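None of the figures in this text is laboratory data; all of them are computed from the coordinates on show. Because the structure is predicted, anything quoted here is derived from the model rather than measured. Don't worry about glycine lacking a Cβ; one is built from the backbone with ideal geometry, like all the others, and counts go over all protein chains shown.
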């Protein structure tokens with residue numbers, strides 16, 4: 001292996017990258033396919049351009065959701081991800097991911113609402129899932145702006161992180177609530193269970209990385 005210029009450690013990193021990218025692409029494929037397999041009721045009475053726009057809006061929303069879950073995993077990091085891709089890459093992708101999420105979220109809002117017209121905007125308590133989605137969009141925009149313009153806003157790193165981190169978890173919570181209650185597709189057992197299991201897995205990963213880091217820190221203090 002060394003004659004080929006490939007170390008065992010390098011081979012292991014390639015294997016990690018292959019597994020991680022494979023999981024991401026699988027999740028992405030499932031998210032994109034879901035609106036076609038579990039069609040929303042709102043598509044049943046739409047035709048032509050309106051139906052195309054609405055479907056595209058659903059797809060952009062699913063992309064935003066997948067990226068939102070990915071953002072949490074990139075932020076929490078951990079040895080496995082850092083060894084596979086490097087800390088600098090994780091940080092760079094995390095920053096770019098925030099912008100992409102807002103981009104897809106704005107497209108989602110426009111394509112879903114445009115066919116209905118401004119006179120039929122879902123405003124009021126009867127449309128509380130949509131209101132949750134609006135709150136989520138505002139949280140996402142606030143996170144991106146405060147991150148990209150932190151120095152101009154005169155946020156030091158400690159203060160920014162104290163705000164950014166809770167908002168990130170709030171965004172995940174709002175995203176799940178919005179998707180579960182606004183979409184007919186996720187009212188069905190299979191999509192709903194996939195979403196909840198994904199959330200549990202992401203949460204488990206976060207807890208595992210945090211606990212592992214604390215235990216490693218305690219061991220270093222003992223030594």
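Counting only DSSP H runs of at least 4 residues, each contributing -39500 (n - 2.57), and dividing by the residue count of the chain, the helix-based mean residue ellipticity at 222 nm comes to -27500 deg cm²/dmol.
Using C-alpha pairs under 8 Å with a sequence gap of at least 6, the mean separation divided by the residue count of segment 38-133 gives a relative contact order of 35 percent. Separation of segment 150-221 from segment 37-90 is 15 Å, based on Cα centroids.
Of the peptides 207-220, 22-35, the ranking by mean beta-carbon count within 10 Å, highest at the top, reads 22-35, 207-220. Quick check: the angle from helix 87-113's long axis to the longest principal axis of the chain, C-alpha only, nearest 10 degrees? Tilt relative to the chain: about 0 degrees. Once C-alpha pairs closer than 8 Å and six or more residues apart are averaged by separation and normalised to the residue number of segment 126-223, the relative contact order reads 29 percent.
Name the shape class, rounded, prolate or oblate, that the alpha-carbon gyration tensor gives for segment 101-145, where a ≥ b ≥ c are the square roots of its eigenvalues, rounded holds for a/c under 1.5, and otherwise prolate holds if a/b is larger than b/c and oblate otherwise. Oblate, since a/c reaches 1.5 and b/c is not below a/b. How would segment 105-223 be classified by its alpha-carbon gyration tensor: rounded, prolate or oblate, with rounded meaning a/c under 1.5 and the a/b versus b/c comparison settling the rest? Since a/c reaches 1.5 but b/c is at least a/b, the shape of segment 105-223 is classed as oblate.
Per residue, the Cα convex hull of the chain amounts to 179 Å³. Using Cα pairs closer than 8 Å and at least 6 residues apart in sequence, work out the relative contact order for segment 84-166, in percent. Relative contact order, segment 84-166: 29 percent.
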